[in-house]
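Report on the structure given below.
The values are calculated or read from the model by the stated rules, or taken from the named source; none is laboratory data. Just so it is clear, the structure is predicted and the values come from calculations on it, not from any experiment. In this analysis, Cβ positions are derived from the backbone assuming ideal geometry, glycine residues included, and neighbour counts consider all displayed protein chains.
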Amino acid sequence: MYLHISQDGKVSGSESQSPNSLLLLKSVKPGHTVIQGQTSSLFLCVDRAGHLRGQSHYSEDECTFRELLLADGYTRFLSSHYGFPVSLASRRSTDLHSLPFTRFLPLRNALTSVSASATPPDDLRNIDVDSDDLFGMGLNSMISPHFSAEK
């Protein structure tokens, strides 16, 4: 499933990729990530009840996730403040021990009509590949290196 952040802030999952499923990830400190919808420009956030939503302003408590890289290559995101996992499963699920749809893989944009960016933003054009900050995480940018890579 693809995680979607729509213009109205609704977060959902779908079996197909869409412009609302293009996400930009940025490390804000070691092991902690901010996720933003490229089309909606909304930040992925979680409230104290564990409900996901997109919002226009960044809140460190609600919009920062601990990124856990799993041995099988997947990633799990947990709310840094509340501890809830980012999950596309219904909160009405009766099985409390099951956490389906909580593991994620970064994927390249496969939509032909939507491009992550034909040319990299000004602050990513001259990245020094010999630097200690190869992916530009120290730059003030919300562009994921994965989405700005050439095909």
Counted residues, segment 60-71 - those being touching a residue at least 24 places away in the same chain (Cβ under 8 Å) and part of a loop (DSSP other than H, G, I, E, B): 2
Count of segment 58-89 residues which are more than 15 Å from P30 (Cα to Cα), aliphatic (A, V, I, L, M) and within 15 Å of the chain's Cα centre (by Cα): 2
Criterion: among the aromatic types (F, W, Y) and modelled with pLDDT under 90 - qualifying residue of Y74, Y58, Y82: Y74
Residues of segment 42-54 classified as more than 11 Å from the chain's Cα centre (by Cα) and outside any strand (DSSP E or B), total: 5
Candidate set from segment 7-27 (those that are touching a Ser or Thr at 6+ places or on another chain (Cβ under 6 Å) and more than 18 Å from R108 (Cβ to Cβ)); member that is surrounded by the fewest Cβ atoms within 10 Å (Cβ to Cβ): Q7
Identity of the residue in segment 28-66, of a type in the set (S, T, Y) and under 16 Å from S87 (Cα atoms), that ends up surrounded by the fewest Cβ atoms within 10 Å (Cβ to Cβ): T33
